[in-house]
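Enquirer: Please read through the structure below; I'll follow up with questions.
The values are calculated or read from the model by the stated rules, or taken from the named source; none is laboratory data. Here the structure is a predicted model, which is why all the values come from computation and not from measurement. Backbone-built Cβ (ideal geometry, glycine too); neighbour counts: all protein chains shown. SASA here: full protein model, heavy atoms, side chains in, ligands and nucleic acids out. Shrake-Rupley method; radii C 1.70, N 1.55, O 1.52, S 1.80 Å.
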Amino acid sequence: MKNRDGFIYNILLFLFSRIKYFNIVELFKYLATINVKQEDRIIQKKNISIDVFNIVKYLFLLSAIIFSWYSNFALLLVIYLLIMNIYTYFFYHFWETKPCRDLHHLRNRFVKLVFSFTYNILSFWYLYIYLGDYHFSTIGASKYVFLQLSLASSFSASTLLRPSTLIANYIITFQVIVTFIYVAILLTQTLSNSKE
């Protein structure tokens with residue numbers, strides 16, 4: 001194989017293709033296809049395992065918010081799942097993607113985008129609640145005020161809640177960057193599909 005690319009692309013290619021082995025969804029996909037031999041069944045089982053993983057991930061996050069699970073373990077798990085959510089969407093829907101074959105494929109991609117993007121909004125909501133009043137210009141704010149902050153940060157809208165510490169500012173900035181990445185991927189995919 002002749003390599004025509006520069007070294008930066010090859011380093012990124014190496015890293016992106018290795019990070020997936022730290023993603024728990026890969027374990028779900030592996031377990032779902034252990035004894036499956038037919039290619040169509042493998043694809044179906046992987047897709048079902050991804051859906052099951054997404055439901056489990058959502059249930060954990062919503063439970064953490066509803067039942068106020070604010071331990072260090074829960075925080076680390078939310079951060080891990082958030083980072084892997086961003087990586088998974090980027091890797092499988094941009095880095096290793098093929099153009100949409102038909103309307104069904106395009107709709108499926110859109111559903112996955114919505115699931116991934118809303119998971120990010122909920123994850124940042126959890127992070128803002130975890131940080132709490134100390135890190136924001138508020139006293140005794142409800143969970144829903146922090147949801148408003150997460151939604152506003154996702155859509156670059158303003159909110160009355162202001163960060164009062166550097167870490168809160170970093171998290172808001174990170175959420176805006178993540179939103180930009182999603183919009184960039186969406187635009188890139190839309191433009192590449194419209195050319196075909």
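Enquirer: Which chymotrypsin sites (Phe, Trp or Tyr not before Pro) does region 13-75 hold that lie in a coil by DSSP with at most 16 other beta carbons within 10 Å?
Expert: Passing both the DSSP loop test and the Cβ count: F67, Y70.
Enquirer: Here is a further query. Would you mind telling me the share, in percent, of accessible area of the chain contributed by carbon and sulfur at probe 1.4 angstrom?
Expert: Carbon and sulfur atoms account for 69 percent of the accessible area of the chain.
Enquirer: Turning to a different aspect of this structure: If you line up the long axis of helix 143-154 against the longest principal axis of the chain, both from Cα atoms, how many degrees apart are they, to the nearest 10?
Expert: Between helix and principal axis, roughly 50 degrees.
Enquirer: Something else: Given DSSP loops and a limit of at most 11 other Cβ atoms within 10 Å, what is the longest stretch of the chain that contains no such trypsin sites (Lys or Arg not before Pro)?
Expert: Answer from the scan: 102-194.
Enquirer: F136's amide H: which non-local residues (gap 5+, or another chain) put their own amide H closer than 5 Å, with H modeled 1.01 Å from N in plane and none for Pro or chain starts?
Expert: S164
Enquirer: Let me ask something additional. Hey, got a sec? Which GluC sites (Glu not before Pro) in region 1-100 land in a DSSP loop and have at most 12 other Cβ atoms within 10 Å?
Expert: The qualifying sites are E96.
Enquirer: With respect to the cross-link table entries K20/K57; K112/K143; K20/K46, which display a Cα-Cα separation exceeding 21 Å?
Expert: K112/K143
Enquirer: Just the accessible area per residue of the chain, please: how many Å² with a 1.4 Å probe?
Expert: It amounts to 64 Å² per residue over the chain.
Enquirer: Give me the distance between the Cα centres of region 116-150 and region 1-75, rounded to whole Å.
Expert: Spelled out, the Cα-based centre of one part sits 26 Å from the other.
Enquirer: Does anyone have the angle between helix 39-66 and the longest principal axis of the chain? Alpha-carbon axes, 0 to 90°, nearest 10?
Expert: Helix 39-66 sits at roughly 0 degrees to that axis.
Enquirer: Continuing with this model, one more query. Given q = 0.08 Å⁻¹, what are the Debye log10 I(q)/I(0) values for the chain, with equal point scatterers placed on the Cα positions and solvent ignored?
Expert: So the normalised log intensities work out to -0.33.
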